[in-house]
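Each value in this text was obtained by applying a stated rule to the coordinates, not by laboratory testing. If you're wondering where the values come from, they're calculated on a predicted model, not measured in any experiment. Every residue, glycine among them, receives a Cβ derived from its backbone with ideal geometry; neighbour counts consider all protein chains shown.
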Amino acid sequence: MKQTSKARNNQFYRLTENAPSGIFETDPKGHCTYTNKALQKLLGLTLEQTLGQGYATYFHPKDKVAILKYWNRCIAKKQVFSYTFRMKFPNNHQLQLHVNAHPIFDSRNKLIAYVGCVEDISELNKIQSQLIVNQQRYELALKGSSAGVWDWNIKSNSVYYSTKFTDLLGYDNLAFGNNWATLLEQLHPEDVGEFEFQLQQHLDDPFVSFNVECRLFSQKHHELWFQIVGEAIRDKHGIPFRMVGSILDITDKKQSQIVIWQQANFDSLTQLPNRNMFADRLKQEIIKSKRNCDKFALFFIDLDHFKEVNDTLGHDAGDLLLIEASERIKLILRESDTVSRIGGDEFTVILSQIQDNQSIDLVAQKIIQTLELPFYIGNESVFVSASIGITLFPEHTDKMDELLKFSDQAMYQSKNRGRKQFNYFTEQLRLDAEKNHSLMQELRLAIIEQDFEVLYQPIINLSNNKVFKAEALLRWHHAELGMINPADFIPLAESSGIIESIGNWVFTTAAKQVKLWQDEFDPLFQISVNKSPVQFQASNNTVDALWSKTVKELNLHYGICIEITEGLLLEDCPETKEKLSNFQEQGIEISLDDFGTGYASLSYLTKFDINFLKIDQAFVRDLEFSPQNQALCEAIIVMAHKLGLQVIAEGVETQAQMQLLKNAHCDFIQGFLISKPISAKKFTQQLKRSTPFLNR
């Protein structure tokens, strides 16, 4: 027996056909007139096997008599059939079902049908009654659904809202009413436009689905998120006359999505847009400025000395400073501007719709001024400053990646010029950056092709004018550019991590050389090797292990001195102190280079194992003509001797400088007066002479 055309077109059957629960309908005598796909699948029966008959054939033998008696009694009394029983099929597959069937009456109270819902209670967690039916049948069949149901009569504008629908919004049916305008009134104002647009699209075009996520206000005015799905029922001309659908609370899902979106686009510490959101804002600003022929500025802001705050007061204090810094920057800007934290202590600002550079300068200066004011963290007054780089759109570039890159380059220009200032991007900065990038690539090749050379500059003992030691100095012989100054390539090597490979090669070369000179000339001869703070602070210990291995293999009990900078001592790090002590135990001495120009204090000199202080050549250069420099050198020498340290003065170029240092009881000197840095071969030749290094 096939379902009639009338049945297929009836809205009840259209909507229940795709319901996940099993639904059926019988005539007043109990013969099946309709089963949906879910019930057919649940029972494992075809459509033909379910229509026109009861299910007595498949009732479990032990339940069959009781079921039929109860069913016939319900039909006779026009009562609800609610029963739990078992069904057994030819393949011995069994199901335990619970059936709820409700009598349906016509306008004369005549029983015309039973409509029911079948639940597989052996797998209750997989069963949900989600049905959309007409007013009486909807309420009966969708009683257990988690979704609310609505049925809109478009012509009369009246709506049936199921009990579940109104429950989701905290209303009862009577309070909510039955008008379409009632639903629209609950919509969030920001969502009304999209809701009505999608609705009209669906009503106009049956191939456009209506599935919208929007916010509705509950009776207590709570803002809730819902997914509203509906389908229009059309006449033979395709004109919609009814629309039925469901509403599902997705507030929890939306809140989770909002949290995920927030985490992906905003900095969790300062709540500012992060790098991801900044990129999107910058992209939109470029599009807007191109359309309106506007100009905007991009600031790259880096906090000066922020690392010292973290190292001395801890990361919690650093976090509080970043939060306060972000608030200060925001107070300076307009609502149309954007400030972002793109990482660490780095911030960016998009200054939109600017008219002239004077206004940009004013904002940049205000940011610098407000950030140099003290930060009060706990009982501490903390001071930082800001270095700012500025790129202009479209004057400097109209490309998104270049805007950020150029402002970053301009920021480093501010750093290099003394910090606490702002600089605009210039073409020269771009050329310098390209040069550095090219040098970086060639620097990597130079390691492979061994284009480096170690030169040695002698250090003289002033007490006897004998060569006491030498400093190993790295040189790079570039095929096209010639000799490249270490000041030009060492920072590149440090920033790229290549410094470890270079430093290891220099150390090994110097260690082998000092061993040769000890064996040939003096067992107490020593070579000083500069060690980059970046290399010294490497998190792994492979560098130190390699150096220690080299010393042991060469049997060097003495002969190597490592030169470090004052900045390394500033951190007062236990790991640094331990590394220095380990070097001392291996017979490697420590020299503090460029003393007087950095941050070191007397307390650091007593905490760390140091053998030598090197007076920076800035103090030696004007020694003959500057009483202040003479006083400083004398004070450094006296202090060092009191602490048991020996003193080396570098950059000595005249006899007068040497004599003044000798009168001040300086221990050693080096400089062009003695010799410029020379190759190991020439150095050896000089050592073989009876009076070596006669530049003086």
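Lys and Arg at +1, Asp and Glu at -1: add these up for the other residues within a Cβ distance under 14 Å of HIS60 and post the number.
Local net charge: +3.
Can you give the helix-only mean residue ellipticity at 222 nm for the chain, where every DSSP H stretch with n ≥ 4 adds -39500 (n - 2.57) and the sum goes over all residues, rounded to the nearest 500 deg cm²/dmol?
Mean residue ellipticity at 222 nm (helix-derived): -13000 deg cm²/dmol.
May I ask which residue of PHE383, VAL534, ILE75 lies farthest towards the positive end of the charge dipole of the chain, with charges of +1 (Lys, Arg) and -1 (Asp, Glu) on Cβ and the Cα centre as origin?
Farthest along the dipole direction, towards plus: ILE75.
Neighbour counts of other C-beta atoms within 10 Å: give me TYR83, TYR161 arranged from fewest to most.
With the sparsest Cβ surroundings first, the list reads TYR83, TYR161.
Dipole of the chain, Cα-centred, from +1 at each Lys and Arg C-beta and -1 at each Asp and Glu C-beta, to the nearest 20 debye? Can you show the working numbers first?
Numbers: 72 positive and 86 negative charges, 804 e Å.
Magnitude of the dipole: close to 3860 debye.
At a threshold of 8 angstrom on Cα-Cα distance, excluding pairs fewer than six apart, so keeping six or more, what relative contact order does the chain reach in percent?
Relative contact order comes out at 6 percent.
Please report, in debye to the nearest 20, how large the charge dipole of segment 270-425 is about its Cα centre when each Lys and Arg carries +1 at its beta carbon and each Asp and Glu carries -1 there. Can you show the working numbers first?
Numbers: 19 positive and 24 negative charges, 103 e Å.
For segment 270-425, the charge dipole is close to 500 debye.
Determine which lysines satisfy two conditions relative to LYS399: a Cα distance under 27 Å, and not lying fewer than 8 residues away in the same chain.
List returned: LYS283, LYS288, LYS290, LYS295, LYS330, LYS415, LYS435.
Could you give the distance between the Cα centres of segment 36-93 and segment 155-211, to the whole Å?
With segment 36-93 and segment 155-211 each reduced to a Cα centre, they are spaced 38 Å.
Using the Kirkwood radius built from alpha carbon pairs, what does the Stokes-Einstein equation give as D for segment 148-256 at 10 °C and 1.306 mPa s, in µm² per second?
112 µm²/s
Which residue, chosen from THR35, THR270, LEU403, occupies the Cα position most advanced towards the positive end of the dipole of the chain, where the dipole is computed from +1 (Lys, Arg) and -1 (Asp, Glu) charges on Cβ about the Cα centre?
Towards the positive end, the residue furthest out is THR35.
Write down the Å³ per residue value for the convex hull defined by the alpha carbon atoms of the chain. Can you show the working numbers first?
Details: hull volume 200.2 nm³, N = 696.
In the chain, the Cα convex hull volume per residue is 288 Å³.
Around ALA649, which amide H atoms from residues at least 5 apart in sequence, or from another chain, sit under 5 Å from its own amide H, with H modelled in the peptide plane?
Those lying under 5 Å, H to H, from ALA649 are ILE615, PHE668, ILE669, GLN670.
Starting from the Kirkwood Rh over alpha-carbon pairs, what translational D in µm² s⁻¹ does segment 294-351 have by Stokes-Einstein at 37 °C and 0.692 mPa s?
Numbers: Rh = 12.2 Å.
Taking Rh from Cα pairs, D becomes 268 µm²/s.
Report the label-to-label distance for ILE239 and MET639 in nanometres (one decimal), using points 7 Å from each Cα along the Cα→Cβ vector.
Result: 9.9 nm between the two label points.
Please report ARG328, ARG334 as a ranked list, fewest other C-beta atoms within 10 angstrom at the top and most at the bottom.
Numbers: ARG328 17, ARG334 10.
By the 10 Å Cβ count, ascending: ARG334, ARG328.
How many percent of DSSP beta bridges within segment 445-535 run antiparallel, rounded to 5? Working shown, then result.
Values: 13 of 17 bridges.
Of those bridges, close to 75 percent are antiparallel.
Once amide H atoms are placed 1.01 Å from N in the peptide plane, what residues at a sequence separation of 5 or more from LYS466, or on another chain, have their amide H within under 5 Å of its amide H?
So LYS466 has HN proximity to ASN461.
Using DSSP, restrict attention to beta bridges with both residues in segment 438-687 and report what percent are antiparallel, rounded to the nearest 5.
40 percent
With +1 on each Lys and Arg Cβ and -1 on each Asp and Glu Cβ, how big is the dipole of segment 148-256 about its Cα centre, in debye rounded to the nearest 20? Walk me through the numbers before you get to the answer.
Numbers: 9 positive and 16 negative charges, 60 e Å.
The dipole magnitude comes to about 280 debye.
Mind checking the full-extension length gain between TRP261 and MET440? Use 0.36 nm per residue of separation minus the Cα-Cα distance, one decimal, nm.
So the extension gain works out to 60.6 nm.
Taking amide hydrogens as modeled 1.01 Å from N in the peptide plane, which residues meet the under 5 Å criterion relative to ILE562, leaving out close sequence neighbours?
HN-HN under 5 Å from ILE562: VAL529, GLU589, ILE590, SER591.
Specify the inter-centroid distance of segment 352-408 and segment 649-692, based on alpha-carbon positions, in whole Å.
Cα centroid to Cα centroid, the span is 48 Å.
Each residue of segment 267-278 in turn: what ³J(HN,Hα) in whole Hz from Karplus with 6.51, -1.76, 1.60 and θ = phi - 60°, glycine and Pro shown as x?
5, 5, 7, 9, 6, 7, x, 8, 4, 5, 5, 4
What ranking of TRP476, TRP152, TRP261 emerges when the number of other C-beta atoms within 10 Å of each C-beta is taken as an exposure proxy, fewest first?
On the way: TRP476 22, TRP152 25, TRP261 11.
Neighbour counts put them in this order, fewest first: TRP261, TRP476, TRP152.
Give me the percent relative contact order of segment 367-488, please, defined on Cα pairs under 8 angstrom at least 6 residues apart.
It rounds to 15 percent for segment 367-488.
Mind giving me the FRET efficiency for ASN92 and ILE323? R0 is 60 Å, r the Cβ-Cβ distance, nearest 0.05 is fine.
So, using R0 = 60 Å, E works out to roughly 0.30.
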